[in-house]
1. Given the condition basic (Lys, Arg), in contact with a strand residue (DSSP E or B) (Cβ under 8 Å, 6 or more places away or on another chain), over 30 Å from A:GLN114 (Cβ atoms) and at pLDDT below 95, answer yes or no: does some residue in region B:137-158 qualify?
2. Among the candidates B:ILE87, B:ILE10, single out the residue that is surrounded by fewer than 24 Cβ atoms within 10 Å (Cβ to Cβ), away from every other protein chain (no Cβ under 14 Å) and β-branched (Val, Ile, Thr).
3. Please give the number of the condition B:SER247 fails out of (1) of a type in the set (Gly, Ala, Ser); (2) within 30 Å of B:LEU60 (Cβ to Cβ); (3) in contact with a Leu (Cβ under 9 Å, 6 or more places away or on another chain).
4. Select from region B:384-396 the residues that are surrounded by fewer than 22 Cβ atoms within 10 Å (Cβ to Cβ) and either under 21 Å from B:SER454 (Cα atoms) or in contact with an Asp or Glu (Cβ under 8 Å, 6 or more places away or on another chain) (or both) and list them in ascending order.
5. Taking the stated definitions as given, is A:ARG58 charged (D, E, K, R), surrounded by 19 or more Cβ atoms within 10 Å (Cβ to Cβ) and outside any loop (DSSP other than H, G, I, E, B)?
6. How many residues does region A:206-225 contain that are within 19 Å of the chain's Cα centre (by Cα), of a type outside the set (Val, Ile, Thr) and not in a loop (DSSP other than H, G, I, E, B)?
7. Quick check: anything in region A:154-162 away from chain B (no Cβ under 14 Å) and without any contact (Cβ under 8 Å) to a residue 24 or more places away in the chain?
2 protein chains.
Amino acid sequence: MNRGSSHVTILGGGLAGSLMTILLARRGILVHLIERRADLRSHPLSGGRSINLALADRGLHALKVAGLYEAVVPLLIPMSGRMLHDIDGNTQYVAYGQREHEVIYSVSRNGLTQLLLNHASRLPNVSMQFDSECVDVNFEQRELSLTQHTTTSVIPYQQLIAADGYHSVVRQHLLQSTHSDASDDLLPHGYKELTLPAGSNRQHQLAANALHIWPRGGFMLIALPNIDGTFTVTLFLPFDSNDGSPSFSRLHDHSSVIDFFSEFFPDALALMPNLASEFLIHPTGKMHTIRSTRWTNDSNAVLIGDAAHAIVPFHGQGMNCAFEDCIELDALLKQRPFAEATTLFARQRKPNADAIADMALENYIEMRDTVRHPKFLLQKELSFELERRFPDRFIPRYSMVMFHHAIPYAIAYERGKIQTQILDELTSHANGIDDIDMAIAGKMIEERLPKLASVL
Amino acid sequence: MNRGSSHVTILGGGLAGSLMTILLARRGILVHLIERRADLRSHPLSGGRSINLALADRGLHALKVAGLYEAVVPLLIPMSGRMLHDIDGNTQYVAYGQREHEVIYSVSRNGLTQLLLNHASRLPNVSMQFDSECVDVNFEQRELSLTQHTTTSVIPYQQLIAADGYHSVVRQHLLQSTHSDASDDLLPHGYKELTLPAGSNRQHQLAANALHIWPRGGFMLIALPNIDGTFTVTLFLPFDSNDGSPSFSRLHDHSSVIDFFSEFFPDALALMPNLASEFLIHPTGKMHTIRSTRWTNDSNAVLIGDAAHAIVPFHGQGMNCAFEDCIELDALLKQRPFAEATTLFARQRKPNADAIADMALENYIEMRDTVRHPKFLLQKELSFELERRFPDRFIPRYSMVMFHHAIPYAIAYERGKIQTQILDELTSHANGIDDIDMAIAGKMIEERLPKLASVL
């Protein structure tokens, strides 16, 4: 194995690992990619495990930087807003943004990962190995122990970028060897992935260009469109409950599943004839927030993506954040030696990772509950109006996160808090947007929100 | 008005004119854009006049060259294949390409034109005037006569690019002044644009990611998806008929329209409650093929887009071809004086314009009739198989036109003829793809189709 000055080993051939591979290899760096699972291109992930994703501006920007944007576009289905489904089957459409380009995209995890692996594999200085699980890391010796089937071998690395996901073996060893720790907050809610089949003739049975939400207070169902007319549907629900309210623990057989959906999601149930059997076969996923005090050993190894900062999926930012990691790390590696670049990366990036972790948790409350409150729609409408009037100061937080990659997550989070305060004050006694004094609003904004250009 | 060395007047603020404006203005050229109609940004086209379009690789490539691709992506709905509807309401899906990226996109004419006008208007060296109809051109004096409301004024131009569409006033004067002529073939079929409304909740009532075709032999109905859940539906039908077969002349009132749709498109009719009234209000469009012997006066004026070469819409290439005109002309203008560049443009581009004009006419037969023949599906399947086996020699003609901007239309047309001959020979005695001897196929291809790399 080459021990020259520019040889990087990337652990994990998922979304972050394969994009990182492309970015480095395009600059002439020798990259060796190691993936635990089989090659996704011949063995796509099967149903039940986050089969589609929402791609937003940050992720798209990273793909542009990597020169992959045009290749990805054919995989994208635009979603221009949320379609809220109430318990009686009534729906309400709420646009995500107020400008035509402010849409997010549904994209297949398999399709996107395959595309990235294909592009990576075509680069001459990339080598890849699959079915190779990392079981040990020795940072001092710069060695990885890999298990392939029943054989374990030790291979050297020079510089290690670990994109090995929530279960990151590298993170565990990194924390151990540096006597550091990470918090791992398991959400008391799990998820179950289901399929809403196409109607006759590849027809979407719900609006194809929206993200569907069935908010039910303590839990919710969502659906994202696929190009073949199906939707990937995900139920988010507590694992357990003490008070008799719905939980996964109560959904243990065919009739309990059907009863639950009949009661809370009758319109979705009517479109999902195989719901109960799929429900009982598919795993119940767990959702963690990982906050690690260390992402690097300040020498030869660094964590990116979920390995560094797993977040819950409710802002649709896990992949977007991981892709942003890739381009930020790559930009630093262009200018500095590996140890210095990774130390700086961890320091610069962590406040942003922490911010999106918090916002993702908050967004769960918004999606499953707040969207149902009368003030939600008024505040959305007011947000758009304030953005029109004061575009250099007030941008709705959802828009800052989803449509403005130039605004770091941490800044979106901080400004979002101020904006929420302003919105709450302005709407506290208002029933409609006409009740709001825009002169007062403008004064509040000018006093509390510095011009964006001055803080970026 | 500036008469400096780089001042171009563009007549026509539609798709071609506004893209041409952007390309030139980005290079520092002063551009004055003149449009007959009101500003489309405040006065969008209303229903009945080609409200959406299919954007394919050639058009996308031109938008990339102009730096507009990323701005356009949010407007695009991918269509991965044709959905064929038979008279009994059965459907069959036939993919356009065999690779995941081989899709075409439905895009709103209003949305795309507005976007181009917005980008053009933001460039400092662009001026625009609307509601200004060109009624005369004097090439010797370099003057245009413009009518605004009731006033006619004469304005000078230095270099004139006419993107004034099928009815081009500049073409008429150009042909007159050069004693040249153009053929104008009116298709004996007209078109009628209709709306298939969204279902409840912005839901598409047909597959959202397909182009729908109801082929009926002598006529057809098609539908393209919009992001709001509606479809734009177009009926193509002869104006008249002598033998009692369906024609526009027989569809003159509510009941004749409903009877016609009940007989031939009952599934579409069921989804279009306002069909008859819309049908009677909307204009019946005409389709022309213009072949002009001159596109330029070899001095100070040139035609692009429909003004030079209006084609019928059945290959979805009118806009794509016009955008390709823009980047080809711009590339030549970068290197040569206007007179020389436009003369060369006309000479190089005309064979390609003629080829797509013919292919568009041929594709009408394919769409309205051939798709129903049993050999059509076998030949499609065989085409894809031959492309897999011989990718540097055999690419289905549809794919060459739609997915390969590097292959000029004229070459796609010529190779397409050879390929059709090969497909006919190979399938003449075959019922399925297994009946076909691939060794013989390979030999035929190698003998008759030179490697693509060697002809481009």
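The values are calculated or read from the model by the stated rules, or taken from the named source; none is laboratory data. In this text the structure is predicted, and so the values were computed from the model without any measurement. Here the Cβ positions follow ideal geometry from the backbone for every residue, glycine too, while neighbour counts run over all protein chains shown.
1. no
2. None of the others qualify; the one that does is B:ILE87.
3. Looking at each condition in turn, B:SER247 falls short on (2).
4. Hits for region B:384-396 are B:GLU387, B:ARG388, B:ARG389, B:PHE390, B:PRO391, B:ASP392, B:ARG393.
5. Yes, satisfied.
6. 7
7. yes
Listed here are the residues, each with its yes/no results for (1) farther than 27 Å from B:ALA182 by Cα; (2) part of a loop (DSSP other than H, G, I, E, B).
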site: B:SER255; (1), (2): yes, no
site: B:SER262; (1), (2): yes, no
site: B:ASP267; (1), (2): yes, no
site: B:PRO273; (1), (2): yes, yes
site: B:GLY285; (1), (2): no, no
site: B:HIS288; (1), (2): no, no
site: B:PHE314; (1), (2): no, no
site: B:ALA346; (1), (2): no, no
